[in-house]
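Colleague: Before I ask anything, let me first share the structure, which is written out below as structure tokens.
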Amino acid sequence: MKAALIGYGKTGSEVQKALGLDEHALFNTSRPPTLDALSAFDVVVVFVPGEAFLEMIPMLLSTDLRVVSGATGVELPDDLEDECVKRGRAWVVAQNFSPAMHMIQEALQWIGAHPDWLADATMSLKEVHHKEKRDAPSGTAKRWIEWMDTRDISVTSQREGDALGLHELSIETPLERVTIRHEALDRALFAQGAIQAAEWLLQSGREPGLYSMKDVVEGS
Ligand SMILES: NC(=O)c1ccc[n+]([C@@H]2O[C@H](COP(=O)([O-])OP(=O)(O)OC[C@H]3O[C@@H](n4cnc5c(N)ncnc54)[C@H](OP(=O)(O)O)[C@@H]3O)[C@@H](O)[C@H]2O)c1
């Protein structure tokens, strides 16, 4: 895999380590990616703040690189999926590269599909991340709520030290309490998921499109 990496801060540096990328493959604000420099690669992994990713989308779309982005905190352009298909690009964009999110997605969509079960329930969602995280609630917290298809939930965002990412959903009825909790223990988790997504995009026959981590995990 000829991979480039845009953003090698706290998370991207785990991709750099895992793939043993040298300086030619690394881009940040001091060495911004250019069409010329990216032309040597077949896939690019992006771990930059969301706004920076939005700014580089037109440039990335103009290359034939596969793109894996973990940038969070912004809404993607409405036409991104159409643009990927129209231009023959295959991208994966994920708010959370943990493969376990897929299992949680299944559970939360089940909950959303059975609203009667929630009739007497009080729901709360807590997320904890490191102090420098810019977006709140986290992209993952937003996805969990979206998967349950509910607005009737209180959300708390805490920013503490170097917390790697904790999400905890509590559903309480008068008779029981259900807790779904996910905690990242090492940033290598996100790097491994992003690399898995890059390998998946490079499989022969991959159709153009905008894919999620669910597509990657299900191997569709
Ligand atoms: N999807 C997931 O599973 C997942 C997991 C963890 C984090 N994230 C997300 O990944 C992103 C990065 O998080 P982080 O904690 O690794 O941040 P970080 O430690 O602050 O690193 C950010 C990196 O992005 C680079 N960068 C910023 N603006 C840029 C630009 N315009 N052009 C090129 N490079 C630029 C920075 O370069 P300089 O050093 O030159 O400033 C730095 O290398 C955030 O959006 C975060 O929410 C996603």
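The values are calculated or read from the model by the stated rules, or taken from the named source; none is laboratory data. Only a predicted model underlies this, so the values are computations on that prediction, with no experimental measurement involved. Note that we place each Cβ from the backbone using ideal geometry, even for glycine, and neighbour counts take in every protein chain shown. SASA here: full protein model, heavy atoms, side chains in, ligands and nucleic acids out. Shrake-Rupley method; radii C 1.70, N 1.55, O 1.52, S 1.80 Å.
Colleague: If the cut-off is a Cα-Cα distance under 15 Å, which aspartates and glutamates reach Lys214, setting aside same-chain residues fewer than 8 apart in sequence?
Modeller: Glu106, Glu146, Glu199
Colleague: Now for a separate question. Given Cβ point charges of +1 (Lys, Arg) and -1 (Asp, Glu) and nothing else, what value in debye, to the nearest 20, does the dipole of segment 100-183 about its Cα centre take? Walk me through the numbers before you get to the answer.
Modeller: On the way: 10 positive and 15 negative charges, 67 e Å.
Magnitude of the dipole: close to 320 debye.
Colleague: Could you give log10 I(q)/I(0) at q = 0.17, 0.18, 0.19, 0.21 Å⁻¹ for segment 100-183, computed by the Debye formula over C-alpha point scatterers of equal weight, without solvent?
Modeller: Once normalised to I(0) and log-transformed, intensities are -0.67, -0.74, -0.81, -0.97.
Colleague: How much length is gained if the chain between Met59 and Val85 is pulled fully straight, taking 0.36 nm per residue apart and subtracting their Cα-Cα distance, in nm to one decimal?
Modeller: Numbers: separation 26, 0.36 × 26 = 9.36 nm, distance 1.60 nm.
Between Met59 and Val85, full extension yields an extra 7.8 nm.
Colleague: Sticking with this structure for a sec: Considering the dipole of the chain built from charges on the beta carbon (Lys and Arg +1, Asp and Glu -1) around the Cα centre, which of Phe190, Ile153, Pro33 is farthest to its positive end?
Modeller: Pro33
Colleague: Please state, rounded to one decimal and in Å, the Kirkwood hydrodynamic radius that the chain gives when every pair of distinct Cα atoms enters the mean of 1/r.
Modeller: Details: mean 1/r = 0.0546 Å⁻¹.
That comes to 18.3 Å for the chain.
Colleague: Using a probe of 1.4 angstrom, how much of the accessible area of segment 21-162 is carbon and sulfur, in percent?
Modeller: Carbon with sulfur: 49 percent of the solvent-accessible area.
Colleague: How big is the antiparallel share of DSSP beta bridges in segment 93-220, given as a percent to the nearest 5? Could the numbers behind the result be given before it?
Modeller: Numbers: 14 of 20 bridges.
Bridges in segment 93-220 are about 70 percent antiparallel.
Colleague: Only bridges with both residues in the chain count here: give the DSSP antiparallel percent, nearest 5.
Modeller: Just about 40 percent of them are antiparallel.
Colleague: Using Cα pairs closer than 8 Å and at least 6 residues apart in sequence, work out the relative contact order for segment 1-77, in percent.
Modeller: Value for segment 1-77: 34 percent.
Colleague: So what is the relative contact order for the chain, in percent, with contacts set as C-alpha pairs under 8 Å and at least six apart?
Modeller: Normalised by residue count, the contact order of the chain is 24 percent.
Colleague: Moving on. Over segment 100-183, with the other protein chains present, what is the accessible area per residue in square angstrom, probe 1.4 angstrom?
Modeller: On a per-residue basis, segment 100-183 sits at 58 Å².
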